[in-house]
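Asker: Structure below; questions to follow.
The values are calculated or read from the model by the stated rules, or taken from the named source; none is laboratory data. Since we're looking at a predicted model, the values are computed, not measured. A quick note on method: Cβ atoms are made from the backbone with ideal geometry, for glycine too, and the neighbour counts reach across all protein chains shown.
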Amino acid sequence: MLIESAPRIGYVLKVYPRFSETFIVSEILAHEAAGTELEIFALPRPPKGATHIREAALLAANEDLAAALERSGPFDLVYERYSLWSYAAMGYAQRTGVPGLLEVNAPLIDEQIRHRELINRAGAMQVAQRLFRTATALLAVSQEVAAYLRTFASESSIVVVPNGVDPDRFPMGPHPALRATYTVGFVGTLKPWHGLEVLLAAFAQLHHRLPSARLLLVGDGPERDKLEAQVNASGLVQVVEFTGAVSPEAIPGLLARMDVATAPYPSRERCYFSPLKLFEYLAAGLPVVASEVGQVADILTHGETGLLCPPGDPEALMDALVALHDSPALRVKLGAAGRHLVLGQYTWDSVAGRILAIAQGQLVAQEWASYA
């Protein structure tokens, strides 16, 4: 099906995006900038109560979503971000003969079992099987998510489309090479899979060698107390700053305080994400030191657009940070190359363009498998 200009899209989300959810808002704004007309449908919030009651309510909400799509249609395209219990949107697209694109950010069944609670496992699996086989195309945010989807659907329906960034939020200013301090930074939620214990261990070694080093941790989360205790035990209270939760508007200014940004993932297991922090670091023109895992290793080229080190290795991370401290020229080179990479391939505008191209059958999995 060839979509004419200014297509009308039914866009289905788990919840209507708060402006703190910049990645969803940015994706929506990019679609609108591309000339599309968006009708946004937000799934209802589940009622309070036992897990099985919440699951049943979310499953029953498919009837209301189907009716809402029927009332608001017709559409040229239906787009949905995969949620655990929603299948009505892809069913509507199939019935009306329009492309149904399903964005998949994670293996949600596995996540729900691992991190929360899932009672109706069979029901969740039935929804996933139904969705993944009904959608015209499955947009996996990473190769790892694509591998998961291959257990449900054919290769020909799966396309890898990583997340992106709005580069206008991160104008590249000068990063002074001769500051009095050398600030290492991190942005994200303080959760175990972000490897902050490893970062703190590496920073303790770095500060021993470079007393001018500082660490700026932007964000909040359940690991904060544990991390603060680690900082106290290492005697680094005066040189490590926890900002706590900050608004999206504050992020560019905080990135500007950093000399180097990090993504110190601790393990190669379960690295299925498309890390927004990486794109934001690169858009800000910061040199990046990151673990060689998942999509991070696919996007960064060691020594050209970033420095990669083995996951969970504080000494390797410290060595990379020292190398960047000792070579301001390398910092400038990596920062400029990283921003160039983002501007060329990983903006939300380019993501929106690829999505429309996929809907028109102009892209297949092989064409985007290398993130070209």
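Asker: Given the options Thr134, Thr181, name the one that is polar (S, T, N, Q), assigned by TED's automatic domain parsing to the domain that holds Ser212 and more than 25 Å from Val296 (Cα to Cα). Spell out how you get there, then give the answer.
Answerer: Details: Thr134 fails: assigned by TED's automatic domain parsing to the domain that holds Ser212.
From the options Thr134, Thr181, the qualifying one is Thr181.
Asker: Select from the range 273-302 the residues that are small (Gly, Ala, Ser) and in contact (Cβ under 8 Å) with a residue 12 or more places away in the chain and list them in ascending order.
Answerer: First, the residues of the range 273-302 that are small (Gly, Ala, Ser): 274, 283-285, 290-291, 294, 297.
Ser274, Ala283, Ala284, Gly285, Ala290, Ser291, Gly294, listed by residue number.
Asker: For the structure I just gave you, tell me whether Ala336 is of a type in the set (A, V, I, L, M) and assigned by TED's automatic domain parsing to the domain that holds Ala106. Walk me through how you get there before you give the answer.
Answerer: Numbers: of a type in the set (A, V, I, L, M): yes; assigned by TED's automatic domain parsing to the domain that holds Ala106: no.
So Ala336 fails the test.
Asker: How many residues does the range 240-261 hold that are surrounded by 17 or more Cβ atoms within 10 Å (Cβ to Cβ) and in contact with a helix residue (DSSP H, G or I) (Cβ under 6 Å, 6 or more places away or on another chain)?
Answerer: 3
Asker: A further question follows. Based on what the data block shows, is Ala57 within 24 Å of Gly97 (Cβ to Cβ), free of Cβ contacts under 8 Å to residues at least 40 places away in the same chain and surrounded by fewer than 17 Cβ atoms within 10 Å (Cβ to Cβ)? Show your work before the answer.
Answerer: Numbers: within 24 Å of Gly97 (Cβ to Cβ): no; free of Cβ contacts under 8 Å to residues at least 40 places away in the same chain: yes; surrounded by fewer than 17 Cβ atoms within 10 Å (Cβ to Cβ): yes.
The answer is no for Ala57.
Asker: Moving on. Kindly evaluate Ala50 against the criterion of being assigned by TED's automatic domain parsing to the domain that holds Thr136, surrounded by 13 or more Cβ atoms within 10 Å (Cβ to Cβ) and modelled with pLDDT of 90 or more.
Answerer: Details: assigned by TED's automatic domain parsing to the domain that holds Thr136: yes; surrounded by 13 or more Cβ atoms within 10 Å (Cβ to Cβ): no; modelled with pLDDT of 90 or more: yes.
The answer is no for Ala50.
Asker: Quick one: in the range 205-260, of everything that is polar (S, T, N, Q) and assigned to a helix (DSSP H, G or I), which residue is nearest to Asp326 (Cα to Cα)? Steps first, answer last, please.
Answerer: So the first thing to find is which residues in the range 205-260 are polar (S, T, N, Q), and the list is 205, 212, 230, 232, 234, 238, 243, 247.
With the extra rule that they be assigned to a helix (DSSP H, G or I), the set shrinks to 205, 230, 232, 234.
Values: Gln205: 15, Gln230: 27, Asn232: 28, Ser234: 24 Å.
Among those that are polar (S, T, N, Q) and assigned to a helix (DSSP H, G or I), it is Gln205.
Asker: Moving on to the next point. Can you tell me which of Arg133, Arg169, Arg116, Arg121 is within 24 Å of the chain's Cα centre (by Cα) and without any contact (Cβ under 8 Å) to a residue 24 or more places away in the chain?
Answerer: Values: Arg133 fails: within 24 Å of the chain's Cα centre (by Cα); Arg169 fails: without any contact (Cβ under 8 Å) to a residue 24 or more places away in the chain; Arg121 fails: within 24 Å of the chain's Cα centre (by Cα).
Going through Arg133, Arg169, Arg116, Arg121 in turn, the sole match is Arg116.
Asker: Can we say Ser142 is of a type outside the set (A, V, I, L, M, F, W, C), buried (at least 21 other Cβ atoms within 10 Å of the Cβ), in contact (Cβ under 8 Å) with a residue 60 or more places away in the chain and outside the structural domain of Leu276 (by TED's automatic domain parsing)? Walk me through it before giving the result.
Answerer: Working: of a type outside the set (A, V, I, L, M, F, W, C): yes; buried (at least 21 other Cβ atoms within 10 Å of the Cβ): yes; in contact (Cβ under 8 Å) with a residue 60 or more places away in the chain: yes; outside the structural domain of Leu276 (by TED's automatic domain parsing): yes.
Here the answer is yes, as Ser142 does meet what is asked.
Asker: May I ask you to list the residues in the range 261-276 that are assigned to a loop (DSSP other than H, G, I, E, B) and out of contact with any Lys or Arg (no Cβ under 9 Å at 6 or more places or on another chain)? I'd like the intermediate steps shown before the answer.
Answerer: At the first step, the residues of the range 261-276 found to be assigned to a loop (DSSP other than H, G, I, E, B) are 264-275.
Hits for the range 261-276 are Pro264, Tyr265, Pro266, Ser267, Arg268, Glu269, Cys271, Tyr272, Phe273, Ser274, Pro275.
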